[in-house]
Amino acid sequence: MHDLRTLPYVAGWPEAKFLSELARRTGCGMLVAVDNVLMLVSATNLGFSAQVCPLAFAAHAVGEIQRVGYTADPALGSQRLVDSHNAAIDARVWALHEWLISRAGARPTSIERDGSVPTFAALMQERGLAHAM
């Protein structure tokens, strides 16, 4: 068993590099959330390119890809995104998803919707788009 206390934390490490090192040392896989914390929402809110994050991931450690919807902040609009899990997957997220799987290969993909749940047919259409990639 690996002792996580031996995992170094170096100030200034990008989150994706830290998680990749964690995966390397523990042998665990990663769930990459394409549109929330690590990718589009953080990139927009913190002002960096969403394609920078997956470049830091160890592609072989990506075990699953998650996609959830986000919404614009009521006060700041599209300058600040909220990881709300209650909106449809938008075109920028689909593009990031496709870019990530072109790098890491096909991976199981989950679509999470905690609010504003669409019809089953709409969810199956999203599933079909992901499957086609």
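To check my understanding: the extent here is largest minus smallest coordinate of the Cα atoms along each principal axis. What are those three numbers for the range 60-107, in Å, largest first?
39, 17, 15
Classify the range 24-133: rounded, prolate or oblate, from the alpha-carbon gyration tensor (a ≥ b ≥ c, eigenvalue square roots; a/c under 1.5 rounded; otherwise prolate if a/b is larger than b/c)?
Because a/c hits 1.5 or more and a/b fails to exceed b/c, the range 24-133 counts as oblate.
Could you give me the ³J(HN,Hα) list for the range 95-100, computed from phi with Karplus coefficients 6.51, -1.76, 1.60 and θ = phi - 60°, whole Hz, x at Gly and Pro?
These are the phi-based 3J(HN,Hα) values: 5, 5, 4, 4, 4, 5 Hz.
Sort the following peptides by mean Cβ neighbour count (other Cβ atoms within 10 Å, averaged over residues), highest first: 119-130, 76-87.
Most protected by this proxy first, the peptides run 76-87, 119-130.
Once you list every other residue whose beta carbon is under 15 Å from the beta carbon of residue 105, what net charge do they have if Lys and Arg are +1 and Asp and Glu are -1?
Around residue 105, the surrounding residues sum to 0.
Accessible surface of residue 133 in the full protein assembly, 1.4 angstrom probe, to the nearest 10 Å²?
80
Could you compute the net charge surrounding residue 128? Neighbours are other residues with a C-beta less than 15 Å from the C-beta of residue 128; K and R count +1, D and E count -1.
Taking every other residue near residue 128 into account, the sum is 0.
Of all the accessible heavy-atom surface of the range 58-130, with the other protein chains kept in place and a 1.4 Å probe, what percent is carbon and sulfur?
Answer for the range 58-130: carbon and sulfur cover 56 percent of the accessible area.
The values are calculated or read from the model by the stated rules, or taken from the named source; none is laboratory data. Note that the structure is a prediction, hence the values are computed from the model and not measured. No Cβ is skipped: glycine too gets one built from the backbone with ideal geometry, and neighbour counts run over all protein chains shown. Please note that ligands, DNA and RNA were not included when accessible areas were found on the heavy atoms of the full protein model with its side chains. Shrake-Rupley method; radii C 1.70, N 1.55, O 1.52, S 1.80 Å.
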